[in-house]
Structure formats: structure tokens, C-alpha cells
Amino acid sequence: MISLSGLNQPQRTAAETIEGPVLILAGAGSGKTRTLTYRIAHMVDNLGISPRQILGVSFTNKAAREMRERIMTLLGSRKARGLTLSTFHSLGVKILKKEITRLGYHKNFSIYDMSDQQAIIREALKHYKAEKTFDKKIIHSKIGLLKNKGISVDDFADTPFFDDEDPYDHATLHVYQYYEDKLRFYNAIDFDDILFLTVKLFRKFPEVASEYSRQFQYIMIDEYQDTNGLQFELVMGLTREHNNLCVVGDDDQSIYSFRGADISNILNFEKNFPGAKIIKLEENYRSISPILDLANRVIEENKNRRDKTLWSQKPSEFKPILWQMADTDHESQVVVDEIVKHQGSGGHLGDIAVLYRSNTQAQAIEEQLRLSQVPYTIIGGQKFYEKKEVKDLMAYLTVINNPSDQLALRRILNIPHRGIGNRTLDKYLELATQKNINLFEAMRSQPDLDPRRETPIKEFIGLIEDFQSYFQQKPLEESLSLLIDKTSYLEFIAKQYDSAKQVERRKTDVMMFIESAERFSKFYQGSATLQSFVEKLILQDSQDNQNLDEDEDDDIRRNEVTLMTLHSSKGLEFKIVYLIGVEEEILPHKKTILEGQGIDEERRLCYVGITRAQEKLIMTYCKERKIYGKMTVRHKSRFLCSDKVMPIIVEQDRTTFGHLSEEEAKQYKKDFFQGLREKLGD
């Protein structure tokens with residue numbers, strides 16, 4: 001028999017309530033996974049319910065795998081045999097493999113990946129006659145949105161989603177039809193089709209839905225607040241023969257509307273499933289009480305929510321802290337200085353997370369971590385110095401500093417395009433081997449080796465030699481800007497990508513790299529050289545790319561600071577959390593403010609960030625921030641301005657590194673930078 005004595009009273013009630021519709025409102029850190037696993041174990045071991053009658057659905061394979069492992073620990077593999085724990089999409093594939101012939105497909109259908117899908121869309125656009133050119137990625141996204149809304153190509157033109165005056169909608173209508181015809185011809189479906197076709201199957205053949213409803217007599221859905229319209233309809237189909245549905249979720253953590261999540265599914269649960277029992281899990285096992293007090297005060301400003309209050313048996317005198325910073329650079333310097341102090345006192349870097357609303361905020365923090373040689377990882381985003389355009393420019397700087405670096409040279413030889421292809425490169429590599437010289441010397445010594453490419457070879461050699469001189473005479477950022485201009489690199493970017501938004505984002509990365517060089521120059525106060533700049537970048541890359549053995553202790557592997565967006569942080573927890581940029585037009589986001597809607601979700605996003613912290617929460621906002629190269633005045637987020645919230649927070653003005661006089665602040669900065677330089681080595 002499985003004992004439920006280790007659960008608190010609300011958890012135990014949830015585990016023992018088996019029949020009928022049940023909504024478990026599980027607040028952040030309230031032990032929902034433990035509750036669910038004990039509920040399933042109780043059903044099988046104590047109540048004698050067949051595992052084959054139980055279906056558990058989550059949103060990620062990781063969550064499904066974790067639940068399965070916990071249940072196996074409780075029940076053992078023999079007793080758990082036949083239990084179905086899967087994601088919505090895995091369940092859909094399972095159903096389609098058995099039933100898809102009813103929709104006119106063969107059972108051996110293929111699931112096309114992104115490249116396959118875009119190849120068909122590219123082909124469709126070639127057949128579409130129009131004066132305007134269309135971005136295949138935008139149209140691909142529109143088709144995905146339509147499928148997730150349950151809108152077929154035949155219905156699209158008659159829905160509010162179709163604008164007769166929008167050329168993109170007309171193009172999408174054409175491409176959608178072509179795309180669907182091709183998928184049918186190839187006996188293929190795409191990822192969005194998995195749920196779309198499963199729901200279509202249930203609509204057209206209700207007897208199929210009834211069959212699966214009779215098979216799965218007890219259904220549990222995790223993260224119910226994240227379900228969309230199709231997933232809701234799928235759940236309705238699976239429960240058409242009974243009402244034994246248990247959903248677990250937290251409306252206060254509904255932050256994925258941009259993916260189609262519909263918060264009304266959890267808010268209207270009793271309307272959709274009359275007689276539902278509501279159980280609240282409000283005891284938090286993660287955070288100290290002051291952090292939860294702040295979270296409660298922030299989220300209760302949302303009116304359209306279910307009433308619940310997180311509490312903890314972990315009292316503490318430590319209150320959440322709000323730092324006012326001077327600007328973006330100051331923010332990153334102070335945060336990383338605190339992280340370095342934590343590390344220097346023997347603290348574990350894996351205990352720390354830096355959270356932010358947008359990936360664009362990561363670069364300044366990332367750069368300071370690199371300068372301080374603090375290892376870090378980025379979740380849900382790409383490291384700034386791993387982005388293609390940044391690596392291109394780093395390769396240019398590397399070759400200018402050291403023309404013998406063959407890997408860097410080969411990367412930039414034809415970027416931007418100079419017509420220097422692999423055949424020409426192979427000739428010079430052979431010459432370099434014959435003469436026992438490096439590739440750059442081979443090109444400089446005999447530029448006419450390939451007569452057709454003599455001019456671009458000479459121009460490339462001249463470019464590198466000219467900038468060897470420029471970087472010796474001019475500041476880093478000025479020389480780098482000139483290099484970008486001379487190579488027409490921004491024009492090159494514009495030709496590489498179909499989407500204007502993508503082009504703008506890549507150009508922004510280039511501008512941020514220039515700002516990085518500018519900050520490096522200021523940091524070293526006139527002693528910054530191209531060589532020292534490149535060395536710091538390369539050194540950190542080498543440390544980043546060291547692969548630890550998989551058998552090494554997990555604590556060693558994870559001894560690095562975690563950087564991530566608030567969206568990526570959901571479900572995670574850290575002893576120390578730095579929540580940066582808690583200011584208007586960041587959190588809440590500028591787009592949300594301008595459109596006048598979505599503020600509630602932005603507040604929920606803030607709530608999610610706060611509740612990631614176990615022991616220490618430090619939030620920051622800046623008096624001004626550099627945005628697109630211009631310093632802009634900033635203001636503290638409205639989420640932290642209410643009379644209910646402010647008494648919970650210790651607010652500190654750190655614009656002069658604390659409450660110091662101007663002279664004391666200057667001396668502090670001088671000592672701060674000098675200490676960091678000594679640590680890095682001049």
C-alpha cells in the first residue's frame with residue numbers, strides 16, 4: 001500500500017479525490033509533481049485501478065519522463081506497466097497512427113520538419129504571381145497560427161483572421177492550399193497537424209473519441225493554464241464518456257499567450273465541467289516568506305484571477321532588494337561584482353540566476369561575466385559571442401591581430417562575398433604547404449595564383465594590412481566601425497535574410513558588438529589594444545567550449561551562473577536571483593503598453609520571476625538605459641510602485657555605488673575597476 005502520510009492536507013485531498021472533475025490550483029513551488037505522482041500511485045496500488053485506464057498528459061517530454069521515473073520508484077515497473085504518460089503531441093501521434101486512414105492518409109505518414117515545410121512554401125511562392133515579394137517564414141508562421149486555431153484552408157477566407165486588403169493574407173491563402181495539397185500528395189503532415197488532425201478526427205468521427213474516452217477512464221492534465229483551443233477540444237473529446245478529469249495548473253503563471261495558450265480554460269473550469277472540486281495548494285516549499293509576500297502583493301493587482309495566497313514555513317529577515325542603477329553598464333558591473341564576491345567567499349555559481357524580460361538585456365551582463373572570467377550558461381537563448389555575425393567580426397579582428405590564424409582567415413575569406421571559392425582556397429592551401437608558409441603569406445606572395453581572383457585577393461590582403469595600421473592608431477570602437485563600413489558588412493547582412501525583423505536583429509547585434517569594444521576601451525582607460533580585446537574574447541571562448549566528461553559530478557558541471565529570460569525560467573528555482581530591468585517599457589514590455597492590453601500577463605511574468613528565488617531576490621532598474629545607441633530616461637516598473645508592494649522591498653540607490661559623496665563614489669569606481677583589472681591581468 002502507498003502511504004499518503006508524507007503529503008500535506010491539501011495535497012492529500014488532491015491525491016484522494018479520484019472521481020469527477022478536479023481542479024488542483026498549484027501555486028509556485030507547492031509540490032504539484034509530488035502530488036500527481038502520489039495520486040497515480042494511490043489509484044493503482046490502493047484503489048486497484050488498472051494503469052491502462054490512466055492517462056497523464058504534460059507539455060514536455062522532460063516533465064513526462066520525470067513523472068514516470070517518480071511513479072516507477074513508488075510502484076515498481078511491473079505495477080506501473082500499461083500506464084500512459086505523454087505529451088499532447090505524442091498522444092496525438094499515437095492516435096493518428098491508428099486512425100489517420102479515416103482522414104484519407106495512409107498509416108505510414110511522415111512528419112515533416114521545418115526545412116521540409118519551408119521548401120514546400122518556397123515552391124508555392126514561386127507559383128504565386130504578385131508584384132510584392134513575401135517572406136516564407138512569415139507565411140509559415142501564419143499557417144501554423146491558423147492550424148493551432150483549428151482553421152482549415154477551406155475556412156480561412158471566411159474567418160476574422162482573413163483581411164481582404166492584406167496582400168500577405170491573400171498570399172497565405174494561396175500558399176496554404178498549395179502546401180496542404182503537397183502534404184497530402186507526399187502522405188505527410190507537419191508538427192501543427194498532429195493536434196489539428198486529431199481534433200478533426202474527433203469532430204468527424206465522435207465514435208473514435210468515445211473509444212479513447214472509454215479506454216482512458218482517468219485523465220490528468222499538467223500545466224492546464226497553458227492549454228490552447230485545440231488541446232481543450234481534445235480534452236473534451238477524451239472525457240465525453242466520463243467526467244474523471246483532474247487538471248493541475250496556476251492561472252498566475254499563465255505566460256504563454258503568444259504561443260496560443262488560453263487562460264480562460266483554467267478560469268472557466270467549473271463552467272466547462274460542472275460539479276468540479278477545487279483544491280488549492282498554497283504552501284510553498286521553495287522560497288522564504290518575504291519573497292512570497294512580495295509575490296502575493298504583486299499578483300493580487302490582477303483582477304481576473306483565482307484567489308490564492310502563497311505561504312511558507314521559512315521565515316527570514318532578508319527582504320527582497322530593489323537597486324536603482326545609473327545605466328545599463330553600471331547595472332551589469334554591480335551585478336557581476338556581487339557574483340564575483342559570492343564566488344570569492346566560496347559560494348556556488350550554480351545557485352545564481354540572472355533573469356530578464358528580453359534576450360537583448362543579456363549582452364551587457366554576459367560581457368561583464370566574460371571580463372571577470374565567471375563561467376555562465378544561457379538557457380532559452382544564444383550566447384552573444386556565439387551569434388554568427390559576432391563570430392564573423394571576431395574572426396576579422398583575429399586575422400588583423402594574427403594573420404597566421406588559418407581557421408579565422410578561412411571563415412572571413414569570402415564574407416562578404418568576394419568570389420573566392422573553395423577551388424581558389426585549395427590552390428593557396430597547396431601553395432602554403434609547398435612553401436611551408438601560412439595561408440595569408442601564400443595569398444600575399446602570389447595573388448595571381450588564380451588569375452580570375454587576383455583582384456579580390458589583393459583587395460582582401462590590402463584590407464587586412466590597412467586595418468592593422470588603423471587599430472594601432474585609432475580607438476577600438478572607431479576602427480571596428482570603420483571595418484564594418486569598409487567591408488559593407490551591414491549590406492551583406494541585409495541580403496542574407498528574408499525577414500526585415502531578422503535583418504534588424506542581426507544589425508542590432510553588430511551595433512552591440514561595437515558598444516562592447518567601446519566598453520572595453522573605457523574599462524582599460526586608454527590602454528585597450530586590439531590584441532588584449534581579442535585575447536579576452538578568445539580566452540573566454542576556450543573556457544566556454546571545454547567539454548566536461550558526462551560522468552563528472554553534476555555539481556561541478558553546473559558550477560556556472562545561469563542567464564535566461566523570464567519565459568524560460570518557469571519551473572526552475574535558484575537560491576539567488578537577480579531580476580534585472582524591472583522598469584517601464586521592459587517589464588511591462590513597451591509593446592504591451594502601446595497596445596494597451598496584456599498588462600496582466602506581464603504582471604504574471606514578473607510574478608514568475610520573483611517566485612524563482614529561494615533565499616535572495618535582488619531586482620534592478622536604471623535611471624537611463626542605452627537603447628539603439630541613445631541614452632533614454634527610464635522609470636521603475638509599475639508592478640513595484642503600489643503602496644502594498646513598497647513596504648516589502650528594501651529600495652537602494654546604487655547610482656553612485658551606494659550612498660556616497662561624489663568624491664567617494666569616484667574613488668570606489670577607481671578601486672573597483674583596478675581590483676577587477678588586477679584579477680584579470682593587465
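Output the strands (runs of 3 or more DSSP E) that fall wholly within the range 586-651 and possess 2 or more residues being touching a helix residue (DSSP H, G or I) at 6+ places or on another chain (Cβ under 8 Å), surrounded by 22 or more Cβ atoms within 10 Å (Cβ to Cβ) and of a type in the set (A, V, I, L, M), or say none.
Per the criteria, 613-622.
So Glu317 ticks every box in (1) in a loop (DSSP other than H, G, I, E, B); (2) buried (at least 16 other Cβ atoms within 10 Å of the Cβ) but one. Which box is left unticked?
(2)
Looking only at helices (runs of 4 or more DSSP H) that fall completely inside the range 1-118, which ones have 3 or more residues that are within 30 Å of Asp293 (Cβ to Cβ) and either of a type in the set (A, V, I, L, M) or in contact (Cβ under 8 Å) with a residue 60 or more places away in the chain (or both)?
Those helices (runs of 4 or more DSSP H) span 9-16, 32-41.
I'm trying to understand the selection: among the residues of the range 327-341, which are in contact with a strand residue (DSSP E or B) (Cβ under 7 Å, 6 or more places away or on another chain) and open to solvent by 10 Å² or more (accessible area, probe 1.4 Å)?
Scanning the range 327-341 gives Asp327, Thr328.
Among the residues of the range 342-367, what is the count of those that are open to solvent by less than 40 Å² (accessible area, probe 1.4 Å) and within 20 Å of the chain's Cα centre (by Cα)?
Residues flagged as open to solvent by less than 40 Å² (accessible area, probe 1.4 Å) and within 20 Å of the chain's Cα centre (by Cα) within the range 342-367 amount to 15.
Please state which of the following conditions Ala442 fails to meet, knowing it meets all the rest: (1) open to solvent by 10 Å² or more (accessible area, probe 1.4 Å); (2) without any contact (Cβ under 8 Å) to a residue 24 or more places away in the chain; (3) not polar (S, T, N, Q).
(1)
Would you mind listing the helices (runs of 4 or more DSSP H) fully within the range 379-494 where at least 2 residues are of a type in the set (Ser, Thr, Tyr)?
Passing ranges, in order: 388-401, 422-435, 454-473, 476-486.
Taking helices (runs of 4 or more DSSP H) that fall entirely within the range 252-303, which contain at least 1 residues that are charged (D, E, K, R) and surrounded by fewer than 22 Cβ atoms within 10 Å (Cβ to Cβ)?
On the way: elements: 264-267, 269-272, 289-299.
Counting at least 1 such residues, we get 269-272, 289-299.
Taking the range 390-424 as the region of interest, how many residues are open to solvent by 20 Å² or more (accessible area, probe 1.4 Å), under 24 Å from Arg452 (Cα atoms) and modelled with pLDDT of 85 or more?
Qualifying residue count for the region: 11.
Which numbered condition in (1) over 30 Å from Tyr607 (Cβ atoms); (2) over 32 Å from the mean Cα position of the chain (by Cα) is the only one that Met72 fails?
Of the numbered conditions (1) over 30 Å from Tyr607 (Cβ atoms); (2) over 32 Å from the mean Cα position of the chain (by Cα), the odd one out for Met72 is (2).
Can you tell me which residue within the range 454-464, out of those that are open to solvent by less than 70 Å² (accessible area, probe 1.4 Å) and either without any contact (Cβ under 8 Å) to a residue 60 or more places away in the chain or touching a Gly at 6+ places or on another chain (Cβ under 8 Å) (or both), is farthest from Tyr396 (Cα to Cα)?
Glu454
The values are calculated or read from the model by the stated rules, or taken from the named source; none is laboratory data. Quick caveat, the model's predicted, so the values are computed rather than measured. Positions of Cβ are backbone-derived with ideal geometry, glycine not excepted, and every protein chain shown enters the neighbour counts. In case anyone asks, the SASA skips ligands and DNA or RNA and just uses the protein heavy atoms, side chains included. Shrake-Rupley method; radii C 1.70, N 1.55, O 1.52, S 1.80 Å.
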